[in-house]
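**Student:** Take this structure first; my questions come after.
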Amino acid sequence: MSEKTSAAKRAAELRQQLEQANHRYYVLDAPEISDAEYDQLFSELQQLEAANPELKTPDSPTQRVGGAPSPMFAAVRHRQPMLSLRKAAIDLKAEGPELQHAELIDFDRRVREVLLKAKVDYIAEPKLDGLAVSLIYEHGVLVQGATRGDGETGEDITQNLRTIRSLPLRLRGEVPPLVEVRGEVFLPLAGFQKMVRDAEARGEKPPVNPRNAAAGSLRQLESVITAKRPLAFYAYGTGVSEGWQQPARHRDVLDQLKTWGFPVSELIEPVTGAEGCLAYFEAIGKKRASLPFDIDGVVFKLDDLAGRNELGSVSREPRWAVAYKFPAEEAETTLLGVDFQVGRTGAVTPVARLEPKFVGGAMVSNATLHNMDEILRKDVRVGDTVTIRRAGDVIPEVVGVVIRSDAERSAHEARALVKLLDECPVCGGAVAKEEGEAIARCTNGLSCRAQLHGALIHFVSRKAIDIDGLGEKLLALVIDALDVRTPADIYLKLDAAKLAVLERMGEKSAENLVKAIDASRDTTFGRFLFALGIPVVGETTARDLAQHYGSLEALLAAAEADLATEHAEKKKERFPLLQSVPDVGPTVAASIAHFFAEPRNRAVIDTLVKLREDGGAGIHWPAPKAAAEGALTGKTLVITGTLPGLSREEAAALIEANGGKVTGSVSAKTDFLLAGEAAGSKLAKAEKLGVPVLDLAALRGLIG
Ligand code: IVH
């Protein structure tokens with residue numbers, strides 16, 4: 001045997017032994033060899049690979065220590081969309097288990113109705129609070145790992161995923177040519193707590209919860225850093241496959257995953273009917289606190305895979321599964337103080353500073369008190385013991401004061417009331433409340449530094465005017481150093497020379513930023529409207545307004561005309577022009593009209609769109625395409641479900657080419673619903689509102 005072939009043989013042997021050891025240690029929790037033996041085998045393999053670089057393979061255990069930093073994560077289009085889960089909520093206020101768990105019982109009823117069965121088997125799985133990933137194995141070797149992203153497209157994080165010890169780089173046993181395995185990457189609590197301590201020791205901001213810590217670890221550009229994070233993985237399903245006969249039941253899929261070498265949670269159990277689901281939910285709730293990782297609820301999945309096809313999915317959520325989350329967790333701690341924060345729209349929010357407390361899977365040291373009325377209503381005082389509540393990703397909140405004895409009551413009463421604000425804590429401006437609103441706002445607009453900073457952050461953000469490289473810190477700098485006072489000043493006051501002298505900027509980055517600013521002048525009307533930051537106008541509404549009016553002049557004219565109707569008795573009669581835009585109701589319409597009626601806003605808008613030669617920022621967008629004339633002129637349509645042989649975009653183009661308009665949600669203003677296969681809630685809503693429903697053939701008939 002030549003030296004080369006024997007080296008190759010030895011390397012393969014070592015890889016096999018090391019992966020076996022990894023599997024025993026990280027998946028089966030039953031190590032067979034000592035750490036020292038492992039290290040010895042590992043360094044032998046490292047040396048072999050260093051001497052014979054052609055022997056390095058992507059499935060080598062040496063790849064688990066991380067490699068060269070990747071410049072960026074490439075986009076990965078999922079071959080099968082990664083769906084999300086429909087949620088059912090517990091109603092703790094309802095009386096008796098039947099009403100408390102009504103949503104879960106409903107889920108089971110719908111499943112039984114579709115499958116025409118009296119009892120249904122489910123698989124109950126813990127809902128791990130981490131990140132869903134997709135792993136592609138070709139002939140048993142991990143070739144690609146990606147994040148879920150938006151379900152359609154994720155990011156290629158293969159290098160980082162390889163560092164997770166319990167995740168097999170090569171499948172065991174018989175393997176198909178292609179299989180996609182899906183599961184959750186998460187950070188066990190011990191690892192999370194260590195990350196918190198390490199960050200604190202370095203004087204850095206610690207991660208807020210295990211989920212964020214796991215997400216941050218996976219998105220490291222340097223996999224060497226990811227390798228140091230004690231991430232874990234549980235597999236819970238498969239995606240695309242070739243040459244593999246999917247078994248009949250989910251429990252068999254899980255068994256197959258175990259055989260291939262994946263860790264599968266030991267907490268997973270088959271259950272029967274809604275009663276079985278509830279019993280499991282109760283039991284795991286009791287175990288929750290002693291688990292080494294955070295779970296935020298339970299997932300119930302139909303066991304019968306053929307039945308899953310019958311049930312299908314509605315708006316990216318399968319009807320054969322449900323996430324049942326634990327109710328929000330509460331804890332007691334001490335109120336150390338109350339600060340007031342001012343947001344982009346001037347909203348003044350009181351924030352409770354708390355003695356740090358671990359609740360709902362995260363360390364909480366700040367909680368919202370919502371608004372000033374809440375402080376009065378709850379009568380919280382600095383020094384009080386308060387109950388705080390935290391559910392999932394929701395911002396923690398102060399529930400109320402804990403008073404258990406007369407002594408506690410007198411201690412509470414001896415404390416000073418929280419001083420409410422009558423002026424903005426940032427700019428000193430007047431704080432006012434709109435009629436019927438609970439939130440007080442600083443009335444100083446962009447003259448308030450907090451509002452200015454927030455407005456600029458929003459203006460440059462990706463979905464708005466999209467200026468890459470102008471982050472929060474840099475915006476704070478240009479406000480102070482370069483006298484930026486409005487979004488228009490970004491175009492008028494920033495140039496390469498001025499930017500280059502700022503802290504942590506160089507000539508090159510200043511030039512790049514100026515290029516990005518320049519490029520952003522060429523935008524769309526929808527982005528421009530969104531960037532203005534009109535309160536309660538999100539991306540979709542901005543786009544709808546842009547489509548409806550086509551030009552700024554037309555929108556301004558409608559907003560102005562509508563002001564006269566502001567005090568009409570019936571809500572429907574207020575702002576009738578703006579309310580004729582899809583999805584715009586009285587509140588949104590009022591906000592739009594008031595925003596454009598404000599002279600300060602108009603001045604900024606004028607400067608933004610004025611030509612550069614006239615001293616403006618020169619923001620512009622393509623003129624609207626003249627609406628096509630056709631059978632659908634004046635008609636508004638909504639598309640739902642899967643259309644045979646036509647993508648949603650193609651269907652929308654077809655409708656627009658015939659003069660129609662396409663919007664996102666069904667309302668009384670919708671003329672037709674174009675429904676394909678697996679149409680769900682939109683179809684139900686259309687039927688309820690009496691909106692005529694068309695299939696593709698009927699639409700084609702209509703337009704000839
Ligand atoms: S199944 C249709 N199983 O929950 C199936 N997901 O809301 C979708 N998750 O993106 C995924 N534990 O990050 C599934 N046992 C489990 C899960 C689980 C946590 C997460 C996952 C997913 C999200 C869906």
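Read-outs: derived from the displayed coordinates by stated rules, not from any lab. Just so it is clear, the structure is predicted and the values come from calculations on it, not from any experiment. We place every Cβ from the backbone using ideal geometry, glycine too, and count neighbours over all the protein chains shown.
**Student:** In degrees between 0 and 90, to the nearest 10, how far off the longest principal axis of the chain does helix 472-482 point, with axes built from Cα atoms?
**Tutor:** 40 degrees
**Student:** Full-extension gain between LYS93 and ALA631, please, as 0.36 nm times their residue separation minus the C-alpha to C-alpha distance. Kindly include the intermediate steps, with their values, before the conclusion.
**Tutor:** Details: separation 538, 0.36 × 538 = 193.68 nm, distance 5.20 nm.
The LYS93-ALA631 span can extend by a further 188.5 nm.
**Student:** Okay, moving on. Which GluC sites (Glu not before Pro) from segment 510-563 combine a DSSP loop assignment with at most 15 other Cβ atoms within 10 Å?
**Tutor:** Taking segment 510-563 and a limit of 15 other Cβ atoms within 10 Å, no loop GluC sites (Glu not before Pro) are found.
**Student:** Nothing charged except the Cβ atoms of Lys and Arg (+1) and of Asp and Glu (-1): what's the magnitude of the dipole of segment 487-528 about its Cα centre? Round to the nearest 20 debye.
**Tutor:** On the way: 7 positive and 7 negative charges, 19 e Å.
The calculation lands at about 100 debye.
**Student:** How far is it, in nm, from the label point at GLU434 to the one at ARG409 when both lie 7 Å from their Cα along the line to the Cβ?
**Tutor:** It is 4.1 nm.
**Student:** Work out the charge dipole of the chain with +1 on the Cβ of Lys and Arg and -1 on the Cβ of Asp and Glu about the Cα centre, then indicate which of ALA201, ILE465, LEU654 is farthest towards its positive end.
**Tutor:** The one lying farthest along the dipole's positive direction is LEU654.
**Student:** Cα extents of the chain along the three principal axes, largest first, in whole Å?
**Tutor:** So the extents along the principal axes, rounded to whole Å, are 88, 73, 65.
**Student:** What distance in nm separates the simple spin-label points at ILE703 and ARG485, each placed 7 Å from Cα in the Cβ direction?
**Tutor:** In this crude spin-label approximation the distance works out to 5.1 nm.
**Student:** Report the residues of segment 517-555 in range of a label on LEU611: point 7 Å along Cα→C-beta, backbone N strictly under 17 Å from it.
**Tutor:** Residues passing the 17 Å test: 522.
**Student:** To continue, here is another question. Nearest 20 debye, what's the magnitude of the dipole of the chain about its Cα centre given +1 on Lys and Arg Cβ and -1 on Asp and Glu Cβ? Don't skip to the answer; put the middle values down first.
**Tutor:** Working: 87 positive and 99 negative charges, 29 e Å.
With Lys and Arg at +1 and Asp and Glu at -1, about 140 debye.
**Student:** What does the convex hull of the Cα atoms come to per residue for segment 191-350, in Å³? Present the calculation step by step, with values, prior to reporting the outcome.
**Tutor:** Values: hull volume 37.0 nm³, N = 160.
Hull volume over Cα atoms, normalised by residue count, gives 231 Å³.
**Student:** Report the FRET efficiency, 1/(1 + (r/R0)^6), for THR387 and LEU563, where r is their Cβ-Cβ distance and R0 is 45 Å, rounded to 0.05.
**Tutor:** Values: r = 45 Å, r/R0 = 1.00.
Rounded to the nearest 0.05, the efficiency is 0.50.
**Student:** Pull out the extension gain between SER647 and LYS463, defined as 0.36 nm times the separation in residues minus the alpha carbon to alpha carbon distance; nm, one decimal. Please report the intermediate quantities before stating the final value.
**Tutor:** Numbers: separation 184, 0.36 × 184 = 66.24 nm, distance 2.36 nm.
So the extension gain works out to 63.9 nm.
**Student:** Follow-up question, since we're still on this one. Send over the Kirkwood Rh of segment 341-498, from the inverse of the averaged 1/r over different Cα pairs, rounded to one decimal Å.
**Tutor:** Values: mean 1/r = 0.0551 Å⁻¹.
Here the Kirkwood hydrodynamic radius works out to 18.1 Å.
**Student:** Just to confirm the filter: which trypsin sites (Lys or Arg not before Pro) across segment 150-208 are DSSP coil and have at most 13 other Cβ within 10 angstrom of their Cβ? Working shown, then result.
**Tutor:** On the way: sites: ARG162, ARG165, ARG170, ARG172, ARG182, LYS194, ARG197, ARG202; in loops: ARG162, ARG165, ARG172, ARG202.
Here the trypsin sites (Lys or Arg not before Pro) that fit, given the DSSP loop and packing criteria, are ARG202.
**Student:** To check you understand DSSP bridge types, tell me what percent of the beta bridges within segment 550-704 (both residues inside) are antiparallel, rounded to 5. Don't skip to the end; give the middle numbers.
**Tutor:** Values: 2 of 11 bridges.
Taking every DSSP beta bridge within segment 550-704, about 20 percent pair in antiparallel fashion.
**Student:** Moving on to the next point. If each of SER43 and LEU421 carries a label point 7 Å out from its Cα toward its Cβ, how far apart are those two points in nm?
**Tutor:** The modelled label-to-label distance comes out at 6.0 nm.
**Student:** Which loop-located trypsin sites (Lys or Arg not before Pro) does segment 266-317 contain, where loop means any DSSP state but H, G, I, E or B and the Cβ has at most 16 other Cβ atoms within 10 Å? Each step should come with its number before you reach the end.
**Tutor:** Numbers: sites: LYS286, LYS287, ARG288, LYS301, ARG308, ARG316; in loops: ARG316.
In loop regions of segment 266-317 (DSSP not H, G, I, E or B), the sparsely surrounded trypsin sites (Lys or Arg not before Pro) are ARG316.
**Student:** For the chain, what does -39500 (n - 2.57) per DSSP helix run (n ≥ 4), summed and divided by total residues, give at 222 nm, in deg cm²/dmol to the nearest 500? Write down the numbers at each step before the final one.
**Tutor:** Working: 27 runs with 269 residues, N = 704.
Rounded to the nearest 500, the figure is -11000 deg cm²/dmol.
**Student:** May I ask you to derive the FRET efficiency for SER315 and LYS4 from their Cβ-Cβ distance with R0 = 56 Å, giving the value to the nearest 0.05?
**Tutor:** 0.50
**Student:** Another one. Let me know the charge dipole size of segment 536-685 about its Cα centre in debye, to the nearest 20, where only the beta-carbon of Lys, Arg (+1) and Asp, Glu (-1) is charged. Present the calculation step by step, with values, prior to reporting the outcome.
**Tutor:** Numbers: 16 positive and 19 negative charges, 66 e Å.
Once rounded to the nearest 20, the dipole reads 320 debye.
**Student:** Something else now. I'd like to compare 12-18, 446-452, 685-691: which one has the highest average count of other Cβ atoms within 10 Å, and what's the full order after that?
**Tutor:** Those peptides, ordered most packed to least, come out 446-452, 12-18, 685-691.
**Student:** Can you tell me the Rg and the Dmax, both Å, for the Cα atoms in segment 442-542?
**Tutor:** Expressed in Å, the Cα Rg and Dmax of segment 442-542 come to 13.4, 39.
**Student:** Let me ask something else. Antiparallel DSSP bridges in the chain: what percent, to the nearest 5?
**Tutor:** Working: 76 of 89 bridges.
If I count the DSSP bridges inside the chain, around 85 percent turn out antiparallel.
**Student:** Let me ask something else about it. Once Rh for segment 118-271 is found with the Kirkwood sum over Cα pairs, what is the Stokes-Einstein diffusion coefficient at 4 °C and 1.567 mPa s, in µm²/s?
**Tutor:** Values: Rh = 16.4 Å.
For these conditions, the coefficient is 79 µm²/s.
**Student:** Lone cysteines in the chain, going by a 4.7 Å Cβ-Cβ cut-off?
**Tutor:** Cysteines lacking a close Cβ partner in the chain: CYS277.
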